[in-house]
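Peer 1: So that we are looking at the same thing, I have put the structure below in structure tokens.
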Amino acid sequence: MSSASAEATRPDDAGLGRGGFRGRTGDALRLAGPALLGYGAARLLGVSLLYYLAKRRGESPGTLLYDSWDARWYQMIAAGGYNHTIHGVPHTWHHAFSNLAFFPLYPALCRAAHAVLPLGLPKSSWLVALAGAFAAAWLIFLIGNRLYGRRTGTILAVMWGCMPHAVVESMAYTEALFTALCAAALYVALARRWVWAGVFAALAGLTRPTGVAIAAAISLAAAVAALQGLRRREEGEPWWRPVWRPALGALLAPAGWLGFVAWVGLRLHRRDGYFVVQSEWGNRFSKGGYLLRHIRSVFLGPRGSQVPVAFVVVTLVVVASFALCALCVAQRQPLPLLLFSVAMLTVLALGRGVYIARARFLLPAFPLLIPLARVLARAHRRTIAYTLSTAAVGSAVYGVHLALIWSGPP
């Protein structure tokens with residue numbers, strides 16, 4: 001049997017049942033050690049290159065990592081709370097948009113970290129994001145390990161840290177925390193722990209607008225599990241016994257997202273308050289035409305016109321994501337993962353907003369990387385190391401482009 005086959009047949013979380021909590025924690029860290037070290041090395045390369053070149057250009061690396069663009073909005077919420085109007089108060093660094101467009105969990109964690117750490121709010125917010133990034137890498141590894149073995153799980157986690165827009169995972173943004181919560185929801189859903197899946201999905205729904213995707217995925221998967229439980233229940237067993245856990249998980253999953261949307265409506269005294277705020281930011285329903293127009297303009301625009309590198313990369317990521325989703329369906333991934341990938345791409349296709357952020361919005365859709373990770377897991381170790389190292393260097397270089405050269409948000 002080849003080493004790749006041996007990895008695939010290894011039981012999930014092998015050896016994690018020994019020695020109580022401390023023993024299980026040690027075993028879990030040893031199992032995930034290569035994944036976390038590889039992920040950390042990839043992100044350290046990206047941050048180090050950005051730090052060095054920012055210093056060479058006379059710019060502050062700290063400003064780039066934890067005090068620019070959306071990071072400032074989250075810190076404003078953490079420090080002063082939310083607006084009471086559709087239009088916010090103008091500042092020197094942003095227009096008069098309302099901060100009610102931003103979801104509350106990350107600012108709340110930043111405020112809590114700032115209360116206990118003597119680092120200032122920007123650095124505390126950055127540490128919260130970094131903790132979320134490593135938690136996400138660990139949970140992504142656990143999912144890959146559970147389904148296809150340790151080698152695939154390790155490659156999957158490292159690959160997530162080598163994405164073109166992975167620099168955002170090292171910034172004071174919400175993508176890392178959101179990915180961690182989505183991965184947690186999907187991992188417990190694979191174990192059919194539907195109540196916990198609903199709880200994690202609800203927390204993800206309090207983190208980003210795209211939380212509606214994980215809410216839909218968990219609710220639908222739990223509903224299917226409830227129907228299957230009804231069909232398989234034994235004679236004489238109460239009908240509710242195999243149903244109540246998945247039903248409760250299905251109800252909990254959208255609670256975070258819906259709760260914040262409802263709260264914004266109450267704060268603004270109008271039922272559509274949240275959607276009006278998003279509309280002021282330029283985020284509207286599109287029916288897919290917005291995305292298709294941008295893809296067409298990149299590939300089939302006027303001859304001789306210059307397309308920014310960032311637009312080309314975003315478009316390639318979006319097109320590749322749809323192709324990878326088709327592969328995920330063909331490989332018959334577990335239902336919760338498939339539903340999450342499809343829901344993320346649906347939100348992406350039907351939304352109209354900042355086009356350049358489309359690839360960043362797809363960072364949490366890590367199940368799309370599973371087909372690539374499975375193929376690479378069958379290769380020789382030297383090939384794996386070369387491929388991931390090349391991806392890490394490319395991600396680091398492009399991260400510098402996004403942070404130092406590109407004039408807009410990443």
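What follows is calculated from the coordinates using simple rules that are stated; it is not laboratory data. Here the structure is a predicted model, which means the values were calculated and not measured. No Cβ is skipped: glycine too gets one built from the backbone with ideal geometry, and neighbour counts run over all protein chains shown.
Peer 1: Distance from the Cα centre of the range 173-201 to that of the range 103-133, in angstrom?
Peer 2: 20 Å
Peer 1: In the Gaussian network model of the chain, springs joining C-alpha atoms below 10 Å, which of GLY120, GLY161, GLY198 carries the largest mean-square fluctuation?
Peer 2: Among GLY120, GLY161, GLY198, the largest GNM mean-square fluctuation belongs to GLY120.
Peer 1: So, one more: Under 8 Å for C-alpha pairs, at least 6 residues apart: give me the relative contact order for the chain, rounded to a whole percent. It would help to have the intermediate numbers written out before the result.
Peer 2: On the way: 631 pairs, mean separation 86.8, N = 410.
Value for the chain: 21 percent.
Peer 1: Then there is this: Once whole DSSP H runs in the chain are found, which of them have Cα atoms spread over 27 Å or more along the helix axis and a mean Kyte-Doolittle score of at least 0.5?
Peer 2: Working: long enough: 20-56 (50 Å, 0.33); 121-148 (40 Å, 1.19); 211-232 (31 Å, 1.40); 309-330 (32 Å, 2.87); 381-400 (29 Å, 0.60).
Both cut-offs are met by 121-148, 211-232, 309-330, 381-400.
Peer 1: Per residue Cα convex hull volume for the range 23-405, in cubic angstrom? Walk me through the numbers before you get to the answer.
Peer 2: On the way: hull volume 67.4 nm³, N = 383.
Residue-normalised Cα hull volume stands at 176 Å³.
Peer 1: From the square roots a ≥ b ≥ c of the eigenvalues of the alpha-carbon gyration tensor of the range 239-398, which class results: rounded (a/c under 1.5), prolate (a/b over b/c), or oblate? Working shown, then result.
Peer 2: Values: a/c = 2.31, a/b = 1.18, b/c = 1.96.
Oblate, because a/c is 1.5 or more while a/b does not exceed b/c.
Peer 1: Another question about this same structure. Tell me whether the range 213-313 comes out rounded, prolate or oblate; compute the Cα gyration tensor, take square roots of the eigenvalues as a ≥ b ≥ c, and use a/c under 1.5 as the rounded threshold.
Peer 2: Details: a/c = 4.77, a/b = 1.84, b/c = 2.59.
Cα axes put the range 213-313 in the oblate bin.
Peer 1: Turning to a different aspect of this structure: Give me the tail of P(r) for the range 59-188 as a percent: Cα-Cα pairs with distance above 21 Å.
Peer 2: Working: 3875 of 8385 pairs.
Of the Cα pairs, 46 percent sit more than 21 Å apart.
Peer 1: A further question on this structure: With runs of 4+ DSSP H residues as the only contributors, calculate the mean residue ellipticity of the chain at 222 nm using -39,500 (n - 2.57) per run, divided by the residue total and rounded to the nearest 500.
Peer 2: Helix-only estimate at 222 nm: -22000 deg cm²/dmol.
Peer 1: While we're on this one: Tell me, which longest segment in the chain has none of the GluC sites (Glu not before Pro) that fall in DSSP loops with at most 11 further Cβ atoms within 10 Å?
Peer 2: Values: sites that count: GLU234, GLU235.
Looking at the chain, 1-233 is the longest stretch - no exposed GluC sites (Glu not before Pro) with at most 11 other Cβ atoms within 10 Å.
Peer 1: Please compute the Kirkwood hydrodynamic radius over the range 99-258, one decimal place, Å, based on all pairs of different Cα atoms.
Peer 2: Numbers: mean 1/r = 0.0598 Å⁻¹.
That comes to 16.7 Å for the range 99-258.
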